[in-house]
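Here is the structure we will look at.
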Amino acid sequence: ERERERASCGLLVCLTAIKYSPYPQLGSCKGQSFTLQIGYSLLFPVWRSVVFMESLNQHLECLKLLGDETEGQILESLNGILLALAEDKQRSSSLLTDSGIFPTLAQILKVNPSCAVKAAQVIAEIAKNEEMKKPCIDAGLVLALVPLLESTDQETLLHAGRAIGRICYENSDLQEQLVKTGVITSLVRILTDYPDSEPLVRVNLLALCNLANLEIGKEALSKTKVAEHLVKQLRRTENHQRIETIIEVLQMLAENDALKVQMVEAGVHEALSEILLRLQGSSQAEDMCSVKAASDLIVCLLLGDESMQKMFANGCGIIYQKVGTWLASNHPQLQLTGALAVANFARNDGNCVRMVQLGVVLQLLDLLEQHVENGDVSVQHAALSALRNLAIPVANKVQMLEEGVAERIQMLLRSEMAPVQFKLLGTLRMLIDGQADTAEMLGQDPLLINRLVQWCDAQEHAGVHGEANRLLASLLRHSRSQEVVKAIQQAQGVKHLVSMTTSEHVIMQNEALIALAIASAINLEVIKDSLKESRLVQSLHKLLRDEITGPEVKYNSMGLLCSLLNSGDLKQEVEEDNIKETLEKLCSHSNANVVKQAVMTLQILRDESQNTGFVSP
């Protein structure tokens, strides 16, 4: 009635305009015709809307009499709803909500199989409106639609899939409920049976994308062969949006280790490498997005131990075969993927030895040299991570040092990027582990030592600060060289090792205590003033006195204390600080090694005439 009133008012305005117009030409037939045309153009949409809304009301009333309706009448009414939604979605949605038609639609789905496809199409259109999802859920339409996914009719599958997808979008509770009904099996079957149907594949992929984000969804998918079918789709399409959707589904599936293995066995990584080969030379934005998505998924598959080992295949796997090409390319994304691949393959000692034998070290060093000046930080970080992991097996250290790794990566000492500094320090520390000659050589390099001391002061980045201290301690521990002690003292690095003894990390405390003990045994005279200025004796007493200090730290603290007693000045500090009393208490400590070391240290203190040497911790 309101629409009729609006239409009548509009018509009255137009007629009045003709009658009282000040323009003579509007009084003529031509003028009247022109004005009526304007009125018609304004009023026709209103009239049309009124007609559709009246028609929609009639169709809704008919559907409520479902028991008295024939199949033809039901289909006609459903088509009428579709026409009304196409004409005016907002008003139609409002009428549909007020009419309470949703339970009727659920009944049609259950008891009228021949009308179900049209009902599903109507629901899919209704669910485009965000506000209409709740009435659909409340009426149980989702569970009523699920059985339609068992159909062999593609149109039924399409509309049912769209309807379910739209209603359940961003509703994790409803999605979990769907998975429990076994919908995953139906979706995989549809993907298997209709791989050539573009609309069905698109709807299926979007559904999998939503459900794969749930743990229960991943678990259900791991019991299917979904990876095989997704690989087929990935290989057959060149559509960027489709590629990215498939990769997005696979990326979510790859969060599950069992699915990682399934994906590798299905050849997902091979299909991804084909995409990289096809698109690597393109500068188009969408191609570059696809390259990044494919690269990220390859790296993700490498994060699982079993899937990584399958991909390595003793250096014969397709991805490792591509690594050399990627590292040598001019494409930063491929360089990054190659470096990350090596870093992940190098989580296994056997793989590390094999890759060093195959010559990957020189390829990584060449890559790093490309990025020294204004280089890509991500690539530098990844390449250093790879070198660090490769240097873990003892068998690799000698060969890597012979290939000049220690010298060549020092070109990155001038980097101001904390992530690069952190990885560089860790790589150098791993290389000198057990390698006395290399530790002695690096420990006398003034450029390296001065940079280390500078980074020991880098409080703004805890990782760099910690690694710099650890490398400084490692140079002393592994070289056991008087020249290295002198170099570190000259660079004013001893105070940082003293500070390191009070670190919150036990491993760093022990590394510092052992390094200082070695330095004291080798050349105490050179460093004793720095030790006094840094109040080392007082720090050691605190470690021995505190109950929270672990047995190993107490043991190493006493070992260092024994070395300090060879200096008259430091021995005097020990006596003045009354450490003897603390040592006597430690003689009843619960740890046997601590007790033994406490007794020995007390004996040295009591026998002032005895010339004691370094007691190795």
Subject >> Accessible surface, the chain, averaged per residue in Å² (probe 1.4 Å) >> reply: 46
Subject >> Gap separating the Cα centres of segment 199-263 and segment 546-596, nearest whole Å >> reply: 62
Original post:
Modelled label-to-label distance, ASP349 and ALA285, 7 Å Cα→beta-carbon offset: nm?
Top reply: 5.0
Original post:
So how exposed is ARG278, as accessible area in Å² (1.4 Å probe, rounded to 10)?
Top reply: 110
**OP:** Using label points projected 7 Å from each Cα along Cα→Cβ, tell me how many nm separate GLN459 and ASP433, to one decimal.
**Re:** 3.1
Original post:
Summing +1 for each Lys or Arg and -1 for each Asp or Glu, what net charge is found among the other residues whose Cβ lies under 15 Å from the Cβ of ALA512?
Top reply: +3
Original post:
Rg(Cα) of segment 105-233 divided by 2.2 N^0.38 Å?
Top reply: 0.99
**OP:** Output the relative contact order of the chain, whole-number percent, from Cα pairs under 8 angstrom with separation of 6+ residues.
**Re:** 5
Original post:
Taking Cα centroids, how far is segment 396-454 from segment 355-380 in Å?
Top reply: 15
Original post:
Suppose R0 equals 35 Å; then what is the FRET efficiency for ARG480 and ASN578 from their Cβ-Cβ distance, rounded to the nearest 0.05?
Top reply: 0.60
Subject >> Solvent-accessible area of MET288 with every protein chain in place, 1.4 Å probe, in Å² to the nearest 10 >> reply: 100
**OP:** Go ahead and run the numbers for FRET between GLN107 and GLU306, Cβ-Cβ distance against an R0 of 60 Å, rounding to 0.05.
**Re:** 0.75
Subject >> Hits among aspartates and glutamates - C-alpha to C-alpha of LYS180 under 15 Å, sequence gap 8 or more where chains match >> reply: GLU215, GLU219
Original post:
Which lysines have a Cα lying under 19 Å from the Cα of LYS322, excluding residues fewer than 8 positions away in the same chain?
Top reply: LYS292, LYS310
**OP:** Lys and Arg at +1, Asp and Glu at -1: add these up for the other residues within a Cβ distance under 12 Å of ALA139 and post the number.
**Re:** +2
Subject >> Dipole axis of segment 410-455 (+1 Lys, Arg; -1 Asp, Glu on Cβ), positive-most option in LEU452, PRO419, ALA436 >> reply: PRO419
Original post:
Please report, for the Cα atoms of segment 271-349, the Rg to one decimal and the Dmax as a whole number; what are they, in angstrom?
Top reply: 12.1, 40
Subject >> Heavy-atom accessible surface of segment 200-289: percent carbon and sulfur, 1.4 Å >> reply: 45
**OP:** Take the solvent-accessible surface of the protein heavy atoms, probe 1.4 Å, and return the percent of it on segment 428-531 that carbon and sulfur atoms account for.
**Re:** 45
Original post:
Where the Cα atoms of the chain are projected onto their three principal axes, how long is each span, largest first, in whole Å?
Top reply: 129, 59, 54
Original post:
Karplus couplings for segment 316-326 from phi (6.51 cos²θ - 1.76 cosθ + 1.60, θ = phi - 60°), rounded to Hz, Gly and Pro as x?
Top reply: 9, x, 4, 5, 5, 5, 7, 4, x, 5, 5
Subject >> For the chain, with +1 on Lys and Arg beta carbons and -1 on Asp and Glu, the positive-most of TYR169, LEU544, SER499 along the dipole >> reply: TYR169
**OP:** Find the all-direction average of the projected area of the Cα convex hull for segment 224-274, expressing the result in square nanometres with one decimal place.
**Re:** 3.1
Original post:
In the neighborhood of SER588, defined by Cβ-to-Cβ distances under 14 Å, what is the net charge if each Lys or Arg adds +1 and each Asp or Glu adds -1?
Top reply: 0
Subject >> Nearby lysines by direct alpha-carbon distance to LYS528 (threshold 28 angstrom, same-chain neighbours under 8 apart not counted) >> reply: LYS486, LYS495, LYS542, LYS554, LYS571, LYS580, LYS585, LYS596
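The values are calculated or read from the model by the stated rules, or taken from the named source; none is laboratory data. Remember, predicted model here, so these are calculated numbers, not experimental data. We place every Cβ from the backbone using ideal geometry, glycine too, and count neighbours over all the protein chains shown. The accessibility values were calculated without ligands, DNA or RNA, using every heavy atom of the protein model including side chains. Shrake-Rupley method; radii C 1.70, N 1.55, O 1.52, S 1.80 Å.
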